[in-house]
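Just below is one structure, and these are the notes that go with it.
The values are calculated or read from the model by the stated rules, or taken from the named source; none is laboratory data. Model, not experiment: these values are computed from the prediction. Cβ: placed from backbone, ideal geometry, glycine included. Neighbour counts: every protein chain shown. Heavy atoms of the whole protein, side chains included, go into the accessibility calculation; ligands, DNA and RNA do not. Shrake-Rupley method; radii C 1.70, N 1.55, O 1.52, S 1.80 Å.
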Amino acid sequence: MAMQRCDPAAFAEQIARGREWVVGMQSGNGGWGAFDAENRHAYMNDIPFADHGAMLDQPTADVTARCLSMLAQLGESESETVRRAYRFLLKEKEKDGSWFGRWGVNYIFGTWGVLSALNAVGLAHGDARIQRAVKWLLSIQNGDGGWGEDPSSYRLDYTSWEPAPSTASQTAWALLGLMAAGEVRHAGVVKGVAYLQRTQEDHGLWEEEHYTGTGFPRVMYSLYHGYSKYFPLMALARYRNLMGDNSVTVPFGM
């Protein structure tokens, strides 16, 4: 996606090779995992010596959303690969309108990715499935204008998102998801942007104590120090660019 935005002609060969590889990694159910294809035998995670209950790299909504976003940005909208990925994402939607996030905590991360992908393939912002996700994101916004989610939302007896103090990375994910859904002028987005502006440190970046990266759900989480730096920067730049262009449509896959 970065090469396509930078200079698609200069990177045409590399983009084509990367696209071919990604398409080849799609699983039969239309989704993608992070490292392998067709790892769908979930019963193996119940083996007593299973590696943290994560022996498999199963297709997930967040990874699938990234792949679909890339294909859509490259102009691929009618292929069977895209149709299968689109159906997978719609099938994976949670009852509350959110999507699961395997590699970032958690439903905020997954919902951002899927909203970006659905926007990229051209699903109307007014579609009920997008609007339900928008309503969910706005419903979990913290009083300070930011967003947060506790890793306990990965528990096996999942009921809903788990509240947590606002973090820079999770606030950025929520903002990017809402803007992908066409909500750049919503009061919730304005409050989220103000939260990031207010919490920016004197050195220009953001600090974060809570773990928002996922290694093994329910077992190990990661504090990626870059998350609280580049995701807020992406969100603020996206907001600035959309407002400057007087646009409500994100023209890119991510």
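Right, Trp147: within 25 Å of Thr199 (Cβ to Cβ) and surrounded by 19 or more Cβ atoms within 10 Å (Cβ to Cβ) or not?
yes
Identify all residues within region 150-171 that are crowded, with 16+ Cβ neighbours inside 10 Å and under 18 Å from Pro232 (Cβ atoms); write none if there are none.
Ala164, Ser166, Thr167, Ala168, Ser169, Gln170, Thr171
Here's a check for you: in region 242-254, which residue that is of a type outside the set (A, V, I, L, M, F, W, C) and in a loop (DSSP other than H, G, I, E, B) is surrounded by the fewest Cβ atoms within 10 Å (Cβ to Cβ)?
Filtering first and then ranking leaves Asn246.
Kindly list the number of the only condition in (1) in a helix (DSSP H, G or I); (2) open to solvent by less than 10 Å² (accessible area, probe 1.4 Å); (3) not hydroxyl-bearing (Ser, Thr, Tyr) that fails for Arg132.
It fails just one condition, (2).
Based on this model, can you work out whether Gly110 counts as surrounded by fewer than 20 Cβ atoms within 10 Å (Cβ to Cβ) and either at pLDDT 95 or above or in a helix (DSSP H, G or I) (or both)? If you could, list the steps in order and put the result at the bottom.
Working: surrounded by fewer than 20 Cβ atoms within 10 Å (Cβ to Cβ): no; either at pLDDT 95 or above or in a helix (DSSP H, G or I) (or both): yes.
So Gly110 does not fit the description; no.
Within region 225-241, can you find the residues that are closer than 12 Å to Ser169 by Cβ and surrounded by fewer than 16 Cβ atoms within 10 Å (Cβ to Cβ)?
His225, Gly226, Tyr230, Met234
Can you pull out the residues in region 195-224 that are of a type in the set (A, V, I, L, M) and open to solvent by less than 40 Å² (accessible area, probe 1.4 Å)?
Within region 195-224, Leu196 is the sole residue that qualifies.
Scan region 187-227 for residues that are among the aromatic types (Phe, Trp, Tyr) and outside any helix (DSSP H, G or I) and jot them down.
Taking region 187-227 as the starting set, the residues that turn out to be among the aromatic types (Phe, Trp, Tyr) are 195, 206, 211, 216, 221, 224, 227.
Scanning region 187-227 gives Trp206, Tyr211, Phe216, Tyr221, Tyr224.
With the checklist (1) without any contact (Cβ under 8 Å) to a residue 12 or more places away in the chain; (2) open to solvent by 50 Å² or more (accessible area, probe 1.4 Å) in hand, flag the one item Leu123 doesn't pass.
Just one mismatch for Leu123, condition (2).
Only one of (1) more than 25 Å from Gln170 (Cα to Cα); (2) of a type in the set (Lys, Arg); (3) buried (at least 18 other Cβ atoms within 10 Å of the Cβ) is not met by Arg87, so which one is it?
(3)
I'd like to know if region 20-37 contains one or more residues that are open to solvent by 50 Å² or more (accessible area, probe 1.4 Å) and over 22 Å from Ala85 (Cα atoms).
Going through region 20-37, the residues open to solvent by 50 Å² or more (accessible area, probe 1.4 Å) turn out to be 20-21, 24, 29, 35-36.
Now drop any that are not over 22 Å from Ala85 (Cα atoms), which leaves none.
No: region 20-37 contains no residue that is open to solvent by 50 Å² or more (accessible area, probe 1.4 Å) and over 22 Å from Ala85 (Cα atoms).
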